[in-house]
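Okay, structure first, notes after.
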Amino acid sequence: MTTTTNRAAAMEDVFSDEGQASSLNLLGHAMAELADRHDDVVVISADMGSALSELRERHPDRYVELGIAETNTISVAAGLAASGFRPYVMAFAPFGMIKCAEQIRTDWAATMLPVTLVTRLSGLAMGYFGASHHAVEDLAIARSITNLTVMTPADNYATLGLLEASHQSAGPVLLRVSEATAPVYSSVPELEPGRFVRVREGNDLTIIGTGAGVGCALGAARALEEEGLGVAVLDAAYLKPFDVAAVLEAAGSTRAILTVEEHSEVGGLGAAVAEVLGRNGVATRFGSVALPDADLEVGVPAELLEVYGITVEGVARTARDLLA
């Protein structure tokens, strides 16, 4: 009975004002700060008002709520961008990139408008609502759209850095935010468009993570160090443009490469790394921690991540098998 009660509380907390305020991503505060710094920022919400309360209070004239009409938010943002604004659309991940791919491709990417889609509750974060609320295909869709920059912050500080970087982008951006990420950085990292961030050095194995996968990779690297293994960790903060040079360097300097992501194994980070290795004729041991291309389970997000091995322990276990 206690376990059931705790699970229910965890589900409700995601959408409560307290849950939004305590979110490790602090997106609402970051959006308000961005609007403080840049007068051209306007935020369009697709039923994300709870997370944007601070912005509403400080900049009510630059907040537009359209409710559960995600496709409309994309076209409204395109019109605002064409009028000289820098629009940010905030949406739930299952209904942002996945539902609005056609509008993003045609209204934003084909016209190279400077608009950013910020998605929350990505991956399995809404897993208890059913398979329709899994957001595990969005990176694959985004990577396939010409002119769309794809960013995936590893933690709070990376979110702040990439949010500011998105304002400097000449074209459209997807900023896919993971929930409850483990700390990776102690301050806002230096981020160069299209380049991975080297988080940790090592000579035996390179783990490349994206989003929440970076924290799992870092934790696994520390655990493996106690076993005598030197593990390098790279943060794929940008999935498009993609850091081909970093992948090739990793293949040449370590014995194997492992990728970690809270996304389908089809079309995400692992697929991108495999493409680089294959197209360049590089032979190396390669593994991937990702969600299977199958009907996924429904349940509390943390338990789902355990099931699919997207945890520190799961990554360390896969790394051992890869090097065995």
Count, please, the residues in segment 96-112 that happen to be farther than 12 Å from S144 by Cα and of a type in the set (K, R). 1
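Out of L277, L224, L258, report the one residue that is over 22 Å from E313 (Cβ atoms) and hydrophobic (A, V, I, L, M, F, W, C).
Working: L224 fails: over 22 Å from E313 (Cβ atoms); L258 fails: over 22 Å from E313 (Cβ atoms).
Just one listed residue meets the conditions, L277.
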Between a first residue in segment 233-261 that is touching a residue at least 24 places away in the same chain (Cβ under 8 Å) and a second residue that is in a helix (DSSP H, G or I) and among the hydroxyl-bearing types (S, T, Y), which pairs have beta carbons less than 7 Å apart while being 6 or more apart in sequence or on different chains? L258/T318
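Looking at P241, P301 in this structure, which one is farther than 15 Å from G123 by Cβ and surrounded by fewer than 24 Cβ atoms within 10 Å (Cβ to Cβ)?
Within the list P241, P301, the selection yields P241.
Consider segment 224-238. How many of its residues are buried (at least 22 other Cβ atoms within 10 Å of the Cβ) and either farther than 13 Å from A250 by Cβ or outside the structural domain of G202 (by TED's automatic domain parsing) (or both)? Spell out the reasoning first.
Taking segment 224-238 as the starting set, the residues that turn out to be buried (at least 22 other Cβ atoms within 10 Å of the Cβ) are 231-238.
Restricting the remaining residues to those that are either farther than 13 Å from A250 by Cβ or outside the structural domain of G202 (by TED's automatic domain parsing) (or both) gives 237-238.
Number satisfying all stated conditions: 2.
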Being more than 27 Å from A294 (Cα to Cα), assigned by TED's automatic domain parsing to the domain that holds H38, part of a helix (DSSP H, G or I) and of a type in the set (D, E, K, R), is that true of even one residue in segment 136-146? no
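Here are some residues: A232, A217. Which one is more than 18 Å from the chain's Cα centre (by Cα) and closer than 21 Å to T152 by Cα? Let's see the steps before the verdict.
On the way: A217 fails: more than 18 Å from the chain's Cα centre (by Cα).
Testing whether each residue is more than 18 Å from the chain's Cα centre (by Cα) and closer than 21 Å to T152 by Cα leaves just A232.
Considering each of T111, T152 in turn, give the residue that is of a type in the set (S, T, N, Q) and under 23 Å from L234 (Cα atoms). Outline the logic, then answer.
Numbers: T111 fails: under 23 Å from L234 (Cα atoms).
Result of the check over T111, T152: T152.
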Answer yes or no: is there a residue in segment 83-90 that is free of Cβ contacts under 8 Å to residues at least 60 places away in the same chain and either within 23 Å of G299 (Cα to Cα) or charged (D, E, K, R) (or both). no
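Here's the yes/no breakdown for (1) assigned by TED's automatic domain parsing to the domain that holds A316; (2) modelled with pLDDT of 95 or more; (3) of a type in the set (D, E); (4) at positive phi:
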| position | (1), (2), (3), (4) |
| --- | --- |
| L148 | no, yes, no, no |
| A154 | no, yes, no, no |
| Q168 | no, yes, no, no |
| T181 | no, no, no, no |
| V184 | no, yes, no, no |
| P189 | no, yes, no, no |
| E201 | yes, yes, yes, no |
| D204 | yes, yes, yes, no |
Considering segment 63-100 alone, what residues qualify as being touching a helix residue (DSSP H, G or I) at 6+ places or on another chain (Cβ under 9 Å), surrounded by fewer than 20 Cβ atoms within 10 Å (Cβ to Cβ) and assigned to a helix (DSSP H, G or I)? T71, N72, S75, G79
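The values are calculated or read from the model by the stated rules, or taken from the named source; none is laboratory data. Remember, predicted model here, so these are calculated numbers, not experimental data. FYI the Cβ positions are ideal-geometry reconstructions off the backbone, even for glycines, and counts take in every protein chain you see.
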